[in-house]
Amino acid sequence: MPSTVANAGDVRGAEQLYRRAADAGNSTGLSHLAMLYEKTGDPRCAERIAWEAADADHTWALARLAELREAAGDVRRAERFALRAFDPEDVMSRRKFTAMAESRVDAGDLRGAERLYVGGASRPGTPGP
């Protein structure tokens, strides 16, 4: 329902509905609210809300913060967020995680790539060789 409200142009109404969902313990509401702020051109607010969702261990928010930290040159924090967000059973999570590790290789940061690959491989549920 909040996305329908947002699509109708009522960002304030959508924000209230997403906030109510978050207050009720639904961290997905926070992630959707962060996405809404990104779409409406308020990246600072989007990142602030993503931090709230990340505190609730919401995978999308953790992955998004990893991307934002990487773009800001904060490699170590990006890695920590990426490792927290990594779900070996989720195809999109694996793709994002692999892309981040490969970007480390492309940048010549082999140690960073190794940290990511080893950290990901040590997660429960990661398939073996």
| message | Looking at 27, 31, can you tell me which residue is surrounded by 22 or more Cβ atoms within 10 Å (Cβ to Cβ), closer than 26 Å to residue 87 by Cα and of a type in the set (Ser, Thr, Tyr)? | response | 31
| Enumeration of residues in the stretch 96-113 that are over 16 Å from residue 84 (Cβ atoms) and basic (Lys, Arg) | 104, 111
| task | Kindly state which helices (runs of 4 or more DSSP H) lie completely within the stretch 7-82 and contain at least 1 residues that are within 13 Å of the chain's Cα centre (by Cα), within 17 Å of residue 103 (Cβ to Cβ) and touching a residue at least 24 places away in the same chain (Cβ under 8 Å). | result | 59-71
| said: Can you find, within the stretch 36-81, the residue that is modelled with the highest pLDDT among those that are crowded, with 20+ Cβ neighbours inside 10 Å and β-branched (Val, Ile, Thr)? | reply: 49
| query | Residues of the stretch 94-129 being assigned to a loop (DSSP other than H, G, I, E, B), among the small types (Gly, Ala, Ser) and either at pLDDT below 80 or surrounded by 10 or more Cβ atoms within 10 Å (Cβ to Cβ) (or both), which ones? | reply | 107, 122, 125, 128
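The values are calculated or read from the model by the stated rules, or taken from the named source; none is laboratory data. All of these numbers come straight from a predicted model, not from anything done at the bench. Don't worry about glycine lacking a Cβ; one is built from the backbone with ideal geometry, like all the others, and counts go over all protein chains shown.
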